[in-house]
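The values are calculated or read from the model by the stated rules, or taken from the named source; none is laboratory data. Keep in mind it's a predicted model, so treat the numbers as computed, not measured. Cβ sites come from the backbone with ideal geometry, for glycine too, and all protein chains shown count toward neighbours. Surface accessibility is based on the protein's heavy atoms, side chains included, excluding ligands, DNA and RNA. Shrake-Rupley method; radii C 1.70, N 1.55, O 1.52, S 1.80 Å.
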Amino acid sequence: MKIKKYKAPSMPEVMKQVRKDFGTDAVILQSRQIKSGGVLGLFKKNYIEVVAGYDPDPVKPAKKAAMKKEAPAPKKENLQEDLADVPHSKEMEQVYNLLAAQSRQLQLKFTPDEQLVYDRLITREVLPDIALDIVKEAANMIASSKEDTAQTLKQMVHESIEKRLESLQLGFTYPHKVIQFVGPTGVGKTTTIAKIAAQMQLTENKRIAFITLDTYRIAAVEQLKTYAKILHIPVQVAYNKQEYRQYIEQLQQDYDVILVDTAGRNYRDEAYLTDLVDWVNPNEVTNYLVLSMTAKPKDFLDIYGKFAAIGIHGLILTKFDETEQYGNILNAVSTYDDIRIGFITNGQDVPEDMIHPTLSQLSHYITGEGQ
Ligand SMILES: Nc1nc2c(ncn2[C@@H]2O[C@H](COP(=O)(O)OP(=O)(O)O)[C@@H](O)[C@H]2O)c(=O)[nH]1
Ligand SMILES: [Mg+2]
C-alpha cells in the first residue's frame, strides 16, 4: 500500500493529482480543509488536504489462504494505519473498501442536497470519481455565487456537465467516402446503416452503395440485402481482403458514399481489430464505432479505448430507448479526447428512429431530467 498526501485549492484539483499518481484505483483515506500560506497569519488561503492510498500489488488469489491466517483482525483505533501496513486477504479487502467508501462519504462532508445530486449521477451510471468531481465543482461554483439552494446546485451541476460535454463533437461527418461501421455484435450496426442510407438518400440525394464483410451468418447478409432492396441500393458481399479492396475501387467511381457493414464479432478477439486494420488502411476510410447505450460503463470505456487505438472518427450510440442511464456519454468525454457522436438511435424502426440531441439536451438526459 502506497500512501501519499496531497494539497490543492479544490477537491477536483486534488483528485486530478491523485489520479495522475495512482490512477482510478486510489482510495481516499482522509480529506480535510486546511488554511495555509499568508504572512503573519494574514491572507491565509483555504486548501483541501487529502491522504490517498493505492495498492499497486493486490493479493493474488493463490496466496489467499496463507494470507488469511497471517492477517490480524482490524483494531478499532488506528484502523487506517493498520490497513495500510498489513497485507490483506480478499475478505479484508472487502471490509477495507467498505470502510474506505464510508470514510470517503463522511469526510467529503456532502450536504444532503449534494448527496442527492451525487446519488442521482451514480444511478445514471456516471462513474464515482467523475460524479464526485462534478458535485464538488458545482458546490464550488455555488460557494462563489452565495445562492445556496437545491435549485442552484442542480443548475450548477448542469453547467459542470455541459462544460465537460463541450469537448464533444456532434454530427455525422465523413472525411472519406468509404464509411465502415464497426463494433460488438448485436449493437445495431446493420440497422443503423439502413437508417443512415435512407436519410442520406432522402435528404441529401446521395448515391449510396453497400458492402458487407459480415459473411459469418447468412442471415446477416440477407438482412442488409433486404434493406438494400427496399432502398434500391446495390450491395456487394466481400469474402476476403482482395474482394473488399476491389469493390471499394469499383464503387468509388460511381457512388458518393459507400457504407460498409462489418462482421459482428467479439471485440475481445484481437484478430477482429487486426483484421480491420489489415483489410484497409484506417487512414483511407472513415470508421464509426457503434456502441449500445445499454453497455456497462467499464465495458463501454474499454471497447471505446480498444477501437480508438485503431482510429475511430466517431461514435454511433444505439438503443437510447432501452435505458435511462446515459452516464456512458459523460464517462467517455471525461476519459477520452476528441469524441464525436455521429448519430444516436432510439428504436428499431428504419429510418425514423434517430435523434440529434443538442449538448444541453444530452446534459439533461444524463441527469435524468429529460428535455
Ligand atoms: N431498441 C432498439 N433496438 C435497436 C436499435 N438499433 C438496433 N436495434 C435492434 O438490435 C438488434 C440487432 O441489430 P443489428 O442491426 O442486427 O445489430 P448488428 O449485429 O450490430 O448488425 C435488432 O433487433 C435491431 O432491431 C435501437 O436504437 N433501439
Ligand atoms: Mg449486422
Out of (1) within 13 Å of ligand 2 (Cβ to nearest atom); (2) within 21 Å of Ile355 (Cα to Cα), the one Lys206 does not meet is (1)
Taking the range 232-264 on its own, how many of its residues are within 16 Å of ligand 1 (Cβ to nearest atom) and touching a residue at least 60 places away in the same chain (Cβ under 8 Å)?
5
Matching residues, the range 219-229, being aliphatic (A, V, I, L, M) and touching a residue at least 12 places away in the same chain (Cβ under 8 Å)
Ala220, Val221, Leu224, Ala228
Name the residues in the range 175-212 that are over 19 Å from Gln236 (Cβ atoms) and outside any helix (DSSP H, G or I), would you?
Pro175, Gly183, Pro184, Thr185, Gly186, Val187, Gly188, Asn205
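If you go through the range 148-164, how many residues are in a loop (DSSP other than H, G, I, E, B) and either over 21 Å from Gln33 (Cβ atoms) or among the small types (Gly, Ala, Ser) (or both)?
1
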Got at least one residue in the range 124-144 being away from ligand 2 (no atom under 16 Å from the Cβ), among the polar types (S, T, N, Q) and part of a helix (DSSP H, G or I)?
yes
Quickly run through the range 196-231 and pick out the residues that are among the acidic types (Asp, Glu) and either away from ligand 1 (no atom under 12 Å from the Cβ) or surrounded by 12 or more Cβ atoms within 10 Å (Cβ to Cβ) (or both).
Glu204, Asp214
List every residue pair whose Cβ atoms lie under 7 Å apart, where the two residues are 6 or more positions apart in sequence or sit on different chains, the first residue falls within the range 180-198 and is outside the structural domain of Thr318 (by TED's automatic domain parsing), and the second residue, located anywhere, is near ligand 1 (Cβ under 6 Å from one of its atoms) and not aromatic (Phe, Trp, Tyr).
none
Being in the same structural domain as Arg245 (by TED's automatic domain parsing), away from ligand 2 (no atom under 13 Å from the Cβ) and touching a residue at least 12 places away in the same chain (Cβ under 8 Å): is that true of Lys177 here?
yes
Given (1) closer than 16 Å to Phe181 by Cα; (2) at pLDDT 95 or above, where does Pro282 come up short, assuming only one miss?
(2)
Go through the range 329-357 and count every residue that is open to solvent by 30 Å² or more (accessible area, probe 1.4 Å), modelled with pLDDT under 95 and touching a strand residue (DSSP E or B) at 6+ places or on another chain (Cβ under 8 Å).
3
